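Input: a single structure, listed below in C-alpha cells.
Please treat every number below as a calculation from the coordinates, not as lab data. What you see is a predicted model, and the numbers here were worked out from it, not measured in a lab. Reconstructed Cβ throughout: ideal geometry from the backbone, glycine too, with neighbour counts over all protein chains shown.
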Amino acid sequence: MELYKENQLKIYNSLTKQKEFFKPVHEGHVGMYVCGPTVYSNAHLGNIRTFMFFDVVYRYLLHLGYKVRYVRNITDAGHLENDADEGEDRISKKARLEQIEPMEVVQRYTVDFHNVLKKYNFLPPSIEPTATGHIVEQIEMIKQIIGKGLAYEVNGSVYFDVIAYNEKNKYGILSGRNIEDAIHNTRALDGQSDKKNPQDFALWKKADEKHIMRWSSPWSDGFPGWHLECSVMSTKYLGEQFDIHGGGMDLKFPHHECEIAQSKTCSGVDPVNYWMHTNMLLLNSQKMAKSTGNFILPEQILTGENTILNKAFSASVVRFFNMQASYRSVLDFSSDALLAAEKGYHKLMEAITILSNITPSKSSSFSVNDWEKKCYDAMNDDFNTPILIAHLFEGVKYIHQLKENKELLTKEDLTLFQKTINTFVFDVLGLLDDSEEDNSEKLTGVIDLLIELRKEARENRDWAMSDKIRDQLAAIGIELKDGREGTSYTIK
Ligand SMILES: [Zn+2]
C-alpha cells in the first residue's frame with residue numbers, strides 16, 4: 001500500500017489561512033507549480049531558501065508514493081524592473097549594460113542557477129519551462145481574456161481590467177488587499193500611462209525601438225507581461241485546476257493575485273487548491289541588500305569567500321540550518337547560527353555511523369514504531385521540519401543508549417530504525433553525509449598505495465603479484481590503466 005494512504009497530510013493554505021487536509025485533484029497524483037527565478041543575475045540566497053523548502057516538499061510527496069509533476073519555470077523575458085509595469089525588462093537591461101545578447105544573459109544565469117542547485121543537492125523538477133518558449137500560448141491566453149471582456153488594448157499594449165474582473169470575482173483574495181480601498185487611496189493616473197486604472201496590469205507590452213526582446217502579436221511587436229507566463233505554463237502542464245502552487249511570500253501580491261485573475265477568467269475555476277508561501281530570509285538580522293554590503297551568494301557560503309561569515313560551511317550544513325526553521329517563519333542567517341547547525345549536523349551524522357555498528361538483541365526496550373510515527377506526524381503537519389529534526393535527535397539519544405547497552409533492539413527493530421532515520425535524513429531532508437567525502441580521500445590514498453606496490457612488483461618482475469592487484473581491483477570496479485605518464489584509474 002502506498003504510504004500516502006496511511007499518512008494524512010495537512011497543508012497550511014495561504015488562501016484560507018488555515019491548515020487543511022490535503023486531497024489531490026487526481027488520487028495518487030500531485031501537480032505542483034513553483035515560481036522559478038528571473039535569470040538576470042546570480043542565484044539569490046532568499047530564492048534558494050524557497051526552492052530548498054519546495055525540494056523537501058517534492059521529496060516527501062515522492063516518498064509518500066505520489067506521482068508528482070513538479071513544474072518550476074525559468075523567467076527569461078517580461079519581468080520589468082518594478083511592479084507597476086514600468087521600467088526596463090530586467091534581462092534586456094543587463095544585456096544592454098554588458099553589451100551582450102539577452103539570451104547570453106539567460107544562458108549564463110540559468111547555468112549558474114543549476115550549478116548552485118546541484119551543489120545544494122536539489123532534485124531537478126519534472127518540467128522547467130521558459131517564458132520565451134511559450135509566447136504562442138501567452139498570446140492565445142490574452143486573446144481569451146480579451147474575448148471574455150476583461151482586457152483592453154491601448155496603443156499596442158494590452159491590460160487586464162481589474163475593476164471589471166472584481167465585479168464578479170474578488171481581486172485581492174490571496175493577499176487580503178481590498179481593491180475598493182486601493183482605488184480610493186491611489187492617486188489618479190498622471191496621464192503618462194495607458195492604463196484605465198492604476199490597479200490594471202499588463203498582459204502585453206508594446207516594445208519601444210530600443211527594446212531587443214520582442215515578438216509579433218495581433219497588437220504590436222512587444223513582449224508578454226510577467227504574470228502571464230505562470231498562468232499559461234501551470235495550465236498547460238498541470239491543468240486548469242491543480243494541487244499546489246508555491247513561491248516566496250513577496251510574490252503573493254501582485255504576481256500570484258494576477259495569476260489567479262488571469263487563470264480564473266479563462267477557465268471559470270480557481271486554479272490552485274493549496275497556495276504555499278515561504279517567509280523571508282535575513283542576514284545578520286538585516287534585510288539582505290547588495291547596496292548595503294549585507295549580501296552573500298549561496299556559492300560564497302560554500303567557499304568561505306565572503307566578509308559576512310567567519311568560515312565556509314558545507315551545503316548540507318546550510319540545508320540542515322534551513323530545515324531547523326519552519327518555512328513560514330523568518331530565517332536569520334549568521335555565523336553563530338550556522339556554527340550551531342554545523343555541530344548538530346555532525347552529531348546526527350556521527351550517530352548514523354554508530355547505528356550501523358550496533359549489535360541486535362533478543363528483545364527491544366523501546367518502540368521504534370512509536371518513534372517512526374512521530375517523524376511522519378511532524379512531516380504530515382504542514383511539512384514541519386523543525387519538529388522532525390527534534391525527533392531525529394531523540395533518535396540520536398536512543399543510538400547512544402544502544403551503544404552503551406542502556407537500550408536494546410531486536411534485529412527487525414534495528415533495521416526499521418536504520419531505514420527510518422536514513423529515509424528522513426537523506427531522502428526527505430536531502431542531506432548528504434559530508435564524512436563520505438573524507439572517505440573518498442582515503443580511498444584515493446589506498447588506490448595510490450596499491451598502484452605503487454604494483455609498480456614495485458613489476459620492477460621485480462613479479463608478474464603474478466602485479467596481475468593479482470590489477471585483476472582484484474577490476475573485480476570491485478576499479479580499473480587501472482597503464483599509460484606513458486604512469487598508471488591512472490577509474491572507479492565504476
Ligand atoms: Zn510565477
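A compact table of results
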| item | result |
| --- | --- |
| Inter-label distance, nm, simple model (7 Å from Cα along the C-beta direction), GLU6/SER361 | 2.5 nm |
| Student exercise, the range 1-82 dipole from Lys, Arg, Asp, Glu Cβ charges, in Debye to nearest 20 | 240 debye |
| Of LYS347/LYS419; LYS119/LYS403; LYS118/LYS205, those spanning more than 25 Å from alpha-carbon to alpha-carbon | LYS119/LYS403; LYS118/LYS205 |
| Which of ILE476, ILE91 has the fewest Cβ neighbours within 10 Å, and the rest in rising order | ILE476, ILE91 |
| FRET efficiency, 1/(1 + (r/R0)^6) with R0 56 Å, evaluated for ARG177 and ASP434 via beta carbons | 0.80 |
| Distance in nm between pseudo-label sites at ALA337 and HIS400 (7 Å out along the Cβ direction from Cα) | 2.6 nm |
| Dimensionless Rg ratio for the chain, taking C-alpha atoms and the 2.2 N^0.38 Å reference | 1.18 |
| For the range 330-388 and the range 36-78, distance of Cα centres in Å | 25 Å |
| Residue order, fewest to most beta carbons within 10 Å, for ILE135, ILE447, ILE301 | ILE447, ILE135, ILE301 |
| Rough spin-label spacing in nm, given labels placed 7 Å along Cα→Cβ, for THR490 and LYS347 | 4.4 nm |
| Debye equation applied to the C-alpha atoms of the range 3-278, log10 I(q)/I(0) at 0.07, 0.15 Å⁻¹ | -0.25, -1.17 |
| Stokes-Einstein D for the range 303-428, Kirkwood Rh over Cα pairs, 25 °C, 0.890 mPa s (µm²/s) | 156 µm²/s |
| Nearest-0.05 FRET efficiency for GLU27 and THR410, computed from C-beta distance (R0 25 Å) | 0.10 |
| Ranking of ILE354, ILE146 by count of other Cβ atoms within 10 Å, fewest first | ILE354, ILE146 |
| Nearest-ten-degree value, helix 257-267 long axis tilted from longest Cα axis of the chain | 70 degrees |
| Antiparallel bridge percentage (DSSP; both residues within the chain; nearest 5) | 55 percent |
| Qualifying trypsin sites (Lys or Arg not before Pro) for the range 372-458 [loop in DSSP, other Cβ within 10 Å: at most 11] | LYS406 |
| Environment charge at ALA77 (Cβ cut-off 9 Å; Lys +1, Arg +1, Asp -1, Glu -1) | -3 |
| Folded to 0 to 90 degrees: helix 135-147 orientation relative to the chain principal axis, Cα | 40 degrees |
| Cβ-derived FRET efficiency at R0 45 Å, PHE426 paired with GLU479, nearest 0.05 | 0.95 |
| Extended-chain gain in nm, criterion 0.36 nm per residue less alpha-carbon gap, PHE393 and ILE447 | 15.8 nm |
| Rounded tilt (10° steps) of 385-403 against the dominant C-alpha axis of the chain | 10 degrees |
